[in-house]
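*Asks:* First the structure, which I've put down as structure tokens, then a few questions once you've had a look.
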């Protein structure tokens, strides 16, 4: 086995040369982890890379990632997985590793079809409720920044990264501290995964919307799906709910069926967009134009002790785009994405305020009050767009105008969003406490990153889909619903994940729970 060493090099130093100098008999090496330390780069300190490297000398071999899967064989009735996002796909993949094919049900179409529908929405305002930025093959992750960063600790993370590389992701995602695929690379990867699943016996039903869960005495027996041909019942004692956080109709159905759920805190706010060169300079100073450093990232947070509310940056997209991401024809939502190269002229991030259940809204007699709270904000944004534009454009304001509670006659700076923007007073969209926390946080962020409040920085609203406002509760050991045996809440929509990697990991955990129950 090779020798593992830690190494710190300036960003423009050659790793191979440094290793050969240290190990004259070096035969080969591989990077196990790599992270950029750009602290104080804006003050002249040279950015550095921290490496963990495995070196191979004469007679040595590299350690290998090996995982074996005994073939257990198909179940009498295939597990049904609702949703073909990261959670659902990796649940199906893990089951397939053990020789267990499943049935995947997706309300939208394949990725290429989604892309065409979404392009029409952004350009012409032609909305499709089943093929949009959240619904369809790949889920919301297909049109996200493609970030694979996660705060969770799990032995399954290595499996997720390894499988993604197998299906075409850049090998670097297995060792970078902040791995990033970009929307343009995650789409073909998702296609390859679903094509592979079909070859191992999985069924995938597109344009099939689950309208009911079927049960007898609170024991799951299957689901009802609706297609263009009508309704159909599919039967299985194992149903995985990997629907994502925007399948509101199912939340309401679960409430009718008395599926155990509880309200949870979430966060809402805006996208802040800067010219990319501004953020690059604020973070990297004179090193900003070095190609090897790419677009600069940031992470900011502010906790208001007087209200015990946090405001923080979320899903920061260097060299990215702000997208209209709604799932209903009478609501507007924004999100951010970037391609692998992160080469657009703008950088954006969500700036969101914590919203607390039973403090900022009442959940008395309504476990889904958070959904109603969010819907009202999205609806206000849409109505404002209809009044002042066409209903397609997104509400926006410069940061300086927002802080001064004013709208001037100057046009808004150019933006990355393909849907267009119009100048709007965000006080007409958000509750007062959200507005005040955003103001306080922006001022605080400008102290931490002097120049963050920039004449060309704008706020685009509303960012409301950071996480699900409810948790579909499950048993800690079996991962089954507390009220419906055989129902497996999974991923972001169930309240157990917060991104592509954590959703994929949760899908694997659910797959293993099904295997442990059945075998």
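Please treat every number below as a calculation from the coordinates, not as lab data. The structure displayed is predicted, hence computed values, not measured ones. Cβ: placed from backbone, ideal geometry, glycine included. Neighbour counts: every protein chain shown.
*Asks:* Among 266, 373, which comes first, then next, by fewest other beta-carbon atoms within 10 Å?
*Replies:* Placing the least packed residue first, the sequence is 373, 266.
*Asks:* Using only DSSP helix segments of four residues or longer, with each worth -39500 (n - 2.57), what per-residue ellipticity at 222 nm results for the chain after dividing by its residue count and rounding to 500? Let's see the in-between values first.
*Replies:* Values: 11 runs with 142 residues, N = 519.
The helix contribution divided over the chain gives -8500 deg cm²/dmol.
*Asks:* Shifting gears a bit: From the Cα gyration tensor of region 333-388, with a ≥ b ≥ c the square roots of its eigenvalues, which class applies: rounded if a/c is under 1.5, or else prolate if a/b is larger than b/c, or else oblate? Mind dumping the intermediate values first?
*Replies:* Values: a/c = 3.33, a/b = 1.77, b/c = 1.88.
It comes out oblate by the Cα gyration axes.
*Asks:* Please find the FRET efficiency linking residue 22 to residue 340, where r is the Cβ-Cβ separation and R0 is fixed at 25 Å, and quote it to the nearest 0.05.
*Replies:* Working from the Cβ atoms, E equals 0.20.
*Asks:* Rank the residues 427, 474, 271, 342 as a footprinting-exposure proxy: fewest other Cβ atoms within 10 Å of their Cβ go first.
*Replies:* Working: 427 13, 474 24, 271 30, 342 19.
Listed from fewest to most nearby Cβ atoms, that is 427, 342, 474, 271.
*Asks:* So, one more: Rounded if a/c is under 1.5, else prolate if a/b beats b/c, else oblate: with a ≥ b ≥ c from the C-alpha gyration tensor eigenvalues square-rooted, which is region 37-96? It would help to have the intermediate numbers written out before the result.
*Replies:* On the way: a/c = 9.62, a/b = 1.71, b/c = 5.63.
Because a/c hits 1.5 or more and a/b fails to exceed b/c, region 37-96 counts as oblate.
*Asks:* Separate question: As an exercise, use a Förster radius of 41 Å and the Cβ-Cβ distance of residue 400 and residue 518 to find the FRET efficiency, rounded to the nearest 0.05.
*Replies:* Working: r = 60 Å, r/R0 = 1.46.
Once the sixth-power term is evaluated, E becomes 0.10.
*Asks:* Based on the mean of other beta carbon atoms within 10 Å per residue, what is the order of 69-82, 505-518, most packed first? Could the numbers behind the result be given before it?
*Replies:* Working: 69-82: 16.9, 505-518: 22.1.
Result, highest mean Cβ count within 10 Å first: 505-518, 69-82.
*Asks:* Subtract the Cα-Cα distance of residue 203 and residue 165 from 0.36 nm times their separation in residues, and report this length gain in nm to one decimal.
*Replies:* Using 0.36 nm per residue and subtracting the Cα-Cα distance, I get 11.3 nm.
*Asks:* What percent does the relative contact order of region 3-56 come to when contacts are Cα pairs within less than 8 Å and at least six residues apart? All intermediate terms of the calculation are to be shown ahead of the outcome.
*Replies:* Numbers: 85 pairs, mean separation 28.0, N = 54.
Normalised by residue count, the contact order of region 3-56 is 52 percent.
*Asks:* Further question: Can you tell me the FRET efficiency between residue 10 and residue 217 if r is taken as the Cβ-Cβ distance and R0 is 51 Å, rounded to the nearest 0.05?
*Replies:* Working: r = 66 Å, r/R0 = 1.30.
Using R0 = 51 Å, I get an efficiency of 0.15.
*Asks:* If we sort 439-446, 361-368 on the protection proxy, mean other Cβ atoms within 10 Å, highest first, what's the order? The partial results should precede the final answer.
*Replies:* Working: 439-446: 18.2, 361-368: 13.8.
Answer by packing, highest mean first, reads 439-446, 361-368.
*Asks:* Tell me, 379, 245 in order of fewest to most beta-carbon neighbours within 10 Å? Each step should come with its number before you reach the end.
*Replies:* Details: 379 15, 245 27.
Least to most surrounded, the residues fall as 379, 245.
*Asks:* Subtracting the Cα-Cα distance from 0.36 nm times the residue separation, let me have the gained length for residue 192 to residue 154 in nm, one decimal. Present the calculation step by step, with values, prior to reporting the outcome.
*Replies:* Working: separation 38, 0.36 × 38 = 13.68 nm, distance 2.48 nm.
Gain on extension, residue 192 to residue 154, equals 11.2 nm.
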